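So the structure is just underneath, and the comments pick up after that.
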Amino acid sequence: MANTKKPGPFTTAAHAGYDPLSHHGSVNPPVYHTSTVLFPTVEMLHRGETKPFEGMRYGRIGTPTSQAFEDAVTALEGGHAAVVASSGLGACCAALMAFLKAGDHVLLTDSVYGPTRTFADKVMRGYGVEAEFFDPEIGAGIKALFRPNTKVVFLESPGSWSFEVQDVPAIAELAKARGITVMIDNSWATPVYFKPLDHGVDLSILAATKYIVGHSDAMLGVTTTPDRKTYEKLKTGHVLMGQAAGSEELFLGLRGLRTLPLRLERHGRNGLELADWLKGRPEVARVLHPALPGDKGHALWKRDFTGTSGLFGVLLKPYSHAAVTAMCEGMTLFKMGWSWGGYESLIIPGFHLPTRTASKWEPGIQLRIHAGLEDIDDLKDDLIEGFKRLAAAS
Ligand SMILES: Cc1ncc(COP(=O)(O)O)c(C=O)c1O
């Protein structure tokens, strides 16, 4: 009898999108640098008009390199097929554009990534789509916000600044009953730790720039769909909008994906240990980390996620901007930068509260920390020195 057990994430990451014997035994697939695709017959030249989702016909629409990456991500997500984009934001915006039209209403979590929020609220509004934001902790209460013209619910869990966990299965079930498409930005957990499609979500979007690439050296986005119909709608949108990913970026994405579960284990462990330690520091008012027992999102995280990545928040007790600046600017290992998910640790101070229209945000200065792959004691020492600067400048 065939073994029907699904392989684990380490095995999937190592083997998906992988067929060495189809390219001379070379372990990794060759990188196709392609714009023009040539055809031997007129019939084949025009085949894309009747069979738009089959074969290679134009570099922008897909190459064996994009296919290998999409296949690998699809296997990790447990989906039907994936579509790549030029960046994570590109993937979020393309998904919204592909599934919304003038007159539609879209519900987005108030904790959504800032530029996704601005795109929905400003750009999509300009095209006649009404964007409404909801409390990330709304759960089944979202039902009250559904309108006859609600076409999309956009989730992000946990939020990448505020770290609230959403009740994804409850929201997805209610949306599905109304024929509403549910999308999620799954960049924080990646499919290694959360599989949105298993929880009723229709589009799982990843800023592959973050943990999948994993080395802070490429921009890439990818969205996975659970069935043919959703895939064709998304792919058509991407093709018409000219969304594509560069061949080197795809190579770096596929290369990063092979070690994703391994890296995430350490990002998660380092992050959780730092979060737990920071919780006991006198300078800290609250740590925002759903994997930390006592965090308000912990129960949902424990129910739905199988692990944690390394990004979390720290609310400081009242300190001046100057003191927090002295702390952050003097760090040795923690660097300041926005795009997280690489091997290096990051720290950034949030001096302005994120835009919120449907939920409250605690006032005060927040640090956002990305735990990299360094030795934990070195990271703690760096933070201890930072806290000394914080105290000295206060
Ligand atoms: C949660 C989240 N989604 C999407 C993005 C956008 O990804 P990219 O930088 O690849 O456009 C980011 C970037 O920081 C992010 O944090």
Report summary line: Taking 0.36 nm per residue of separation between E265 and T36 and subtracting their Cα-Cα distance, the length gained on full extension comes to 78.3 nm
Query raised in the report: In bins 10 Å wide, starting from 0, what share of all Cα pairs of the stretch 1-154 does each bin hold, as a percent?
Result: 9, 25, 27, 24, 13, 2
Report task. For H24 paired with L315, estimate the spin-label separation in nm (one decimal), with each label point 7 Å from Cα along the Cα-to-Cβ line. Result -> 5.9
Query raised in the report: Which whole-number value in Å³ per residue fits the convex hull of the alpha carbons of the stretch 219-266?
Result: 94
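May I ask you to give the percent of accessible area on the chain that is carbon plus sulfur, with a probe radius of 1.4 Å? It would help to have the intermediate numbers written out before the result.
On the way: 9930 of 17460 Å².
Its accessible area is 57 percent carbon and sulfur atoms.
In µm²/s, what is D for the stretch 1-80 at 20 °C and 1.002 mPa s, where D = kT/(6 pi eta Rh) by Stokes-Einstein and Rh is the Kirkwood radius from Cα pairs?
Details: Rh = 14.8 Å.
This corresponds to a translational diffusion coefficient of 145 µm²/s.
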**Report entry** For the stretch 191-258, the Rg and Dmax computed from alpha carbons only, in angstrom
**Finding:** 12.8, 34
**Report entry** Amide hydrogen neighbours beyond the local backbone of A285, cut-off 5 Å, H modeled
**Finding:** L315, L316, K317
Report task. In vacuum, with every alpha carbon of the chain counted as one equal point scatterer, what does the Debye formula give for log10 I(q)/I(0) at q = 0.14 Å⁻¹? Two decimals, please. Result -> -1.24
Query raised in the report: Using alpha carbons only, how many degrees (0 to 90, rounded to 10) separate the axis of helix 376-392 from the longest principal axis of the chain?
Result: 50
Query raised in the report: How large is Rg/Rh for the stretch 163-231, to two decimals, with Cα atoms and a Kirkwood Rh?
Result: 1.01
Requested in this report: Please tell me which of these pairs span more than 19 angstrom C-alpha to C-alpha: K101/K122; K101/K235; K176/K210; K151/K296; K210/K279?
Outcome: K176/K210; K151/K296; K210/K279
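Summing -39500 (n - 2.57) over the DSSP H runs of n ≥ 4 in the chain and dividing by its residue number, what mean residue ellipticity at 222 nm do you reach, to the nearest 500 deg cm²/dmol? Walk me through the intermediate numbers first.
On the way: 14 runs with 139 residues, N = 394.
Calculated at 222 nm, the ellipticity per residue is -10500 deg cm²/dmol.
Under a Cβ-Cβ cut-off of 12 Å, what is the net charge of the residues other than K51 that fall near it, where Lys and Arg count +1 and Asp and Glu count -1? Before the final figure, lay out each step's value.
Working: positive: R47, R57; negative: E43, E49, E54, E232.
My count for the surroundings of K51 gives -2.
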Query raised in the report: So, counting K/R as plus one and D/E as minus one, what does the shell of residues with Cβ under 12 Å around L100 add up to?
Result: +2
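Once the other residues with Cβ under 14 Å from the Cβ of N186 are scored (Lys, Arg +1; Asp, Glu -1), what is the net sum? Mind showing how you got there, number by number?
On the way: positive: K195, K210; negative: E77, E156, D185, D198, D202, D304.
Here the count lands on -4.
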Query raised in the report: Angle between the Cα long axis of helix 88-99 and the longest principal axis of the chain, 0 to 90 degrees, nearest 10?
Result: 60
Report summary line: So the angle from the long Cα axis of helix 260-279 to the longest Cα principal axis of the chain, reported in degrees to the nearest 10, equals 20
Query raised in the report: Given the Cα-Cα distance of K5 and E232 and 0.36 nm per residue of separation, how much length would full extension add, in nm?
Result: 78.9 nm
Report task. Would you give the gap between the C-alpha center of the stretch 1-39 and the C-alpha center of the stretch 232-258, rounded to a whole Å? Result -> 16
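Does the stretch 320-367 come out rounded, prolate or oblate by the C-alpha gyration tensor, with a ≥ b ≥ c the root eigenvalues, rounded set by a/c under 1.5 and, if not, prolate when a/b is larger than b/c and oblate if not?
Since a/c reaches 1.5 but b/c is at least a/b, the shape of the stretch 320-367 is classed as oblate.
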Report summary line: DSSP beta bridges in the chain: the antiparallel percent, rounded to 5, is 55
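The values are calculated or read from the model by the stated rules, or taken from the named source; none is laboratory data. Every value quoted in this text rests on a predicted model; they were computed, and no experiment measured them. Heads up, the Cβs are rebuilt from the backbone with ideal geometry, glycines too, and the neighbour counts pull from every protein chain shown. Accessible surface areas use protein heavy atoms only, side chains included; no ligands, DNA or RNA. Shrake-Rupley method; radii C 1.70, N 1.55, O 1.52, S 1.80 Å.
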